[in-house]
Structures are given as C-alpha cells and as structure tokens.
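The values are calculated or read from the model by the stated rules, or taken from the named source; none is laboratory data. Bear in mind that the values here come from a model prediction, so they are computed numbers and not experimental data. Methodologically, a virtual Cβ is constructed for each residue, glycine included, from the backbone with ideal geometry; neighbour enumeration extends over all protein chains shown.
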Amino acid sequence: MSVSSKLAIYYWAEAHNLKKAQKRILIETWRRVHKFHKGNLNEKTLTVAFPSEVKTSKEFLKNSYGSEIPRINNWYSLTEKGKELMKDLSKRLSFKDGKEILSDEFNLELFNM
C-alpha cells in the first residue's frame, strides 16, 4: 500500500475522531462496498461481523435483519452517518481501477494499522 493511501486513511480517521476499533470495521466495510457491491452504499449486506466488533460503531453501522444475535456473525448496513464517512473516505482514496487499494497488500496492512 502506498504512503499516500496510508496517509489518506490516517487523516480520514483523525478528521472523524475514530477509535482503532471503529477504524478497522469501517475500513473493512469500505473495502467490501467497493470489492463486492460496486460502490453501492445502500446494500443491506455490507459487513459481516460479531456484535462485539461493531459495538463501538453503532452510529455508523446498523443490523440489517432485525436484532443482533450474540456470539455469531451478523450482517450490517450503513446508517446515514456511516454513508457520509464512506463517501468522505472514497474522496480521499483514488481507486486506480481497484488494483492498488483492493490488493492483498492492502488487506494485510489494513489490520496492522
């Protein structure tokens, strides 16, 4: 992952005062939006995660199908505030047809940030 991409993510997280746990789940959501849903922020099945992974990000992510089930993966979609965060991150990162940002290197470095 290029230095400019790392800086874009860093400044995005700083601008929105995101905690580390929030940053991880939101960047994973952003990655899935672009890799699997062609940028469609209105999909109901954007992120699959445990409720404990999402608990600090409830203002950005909501359960897609009713109530959460503890200790298993649930599907989550974006709230309006979450959609604004995704749009802002997309403005900061260029895709270059998805090759650089959605590479395996990005996936590995993402979780070491």
Residues within the range 64-78 that are surrounded by 12 or more Cβ atoms within 10 Å (Cβ to Cβ) and either modelled with pLDDT of 95 or more or more than 25 Å from Asn17 (Cβ to Cβ) (or both), tallied = 9
Quick one: which of Lys58, Lys44, Lys81 is of a type outside the set (A, V, I, L, M, F, W, C) and modelled with pLDDT under 95?
-> Lys44
May I ask you to say which residue of Phe60, Phe36 is exposed (fewer than 13 other Cβ atoms within 10 Å of the Cβ), within 23 Å of Ser90 (Cα to Cα) and within 13 Å of the chain's Cα centre (by Cα)?
-> Phe36
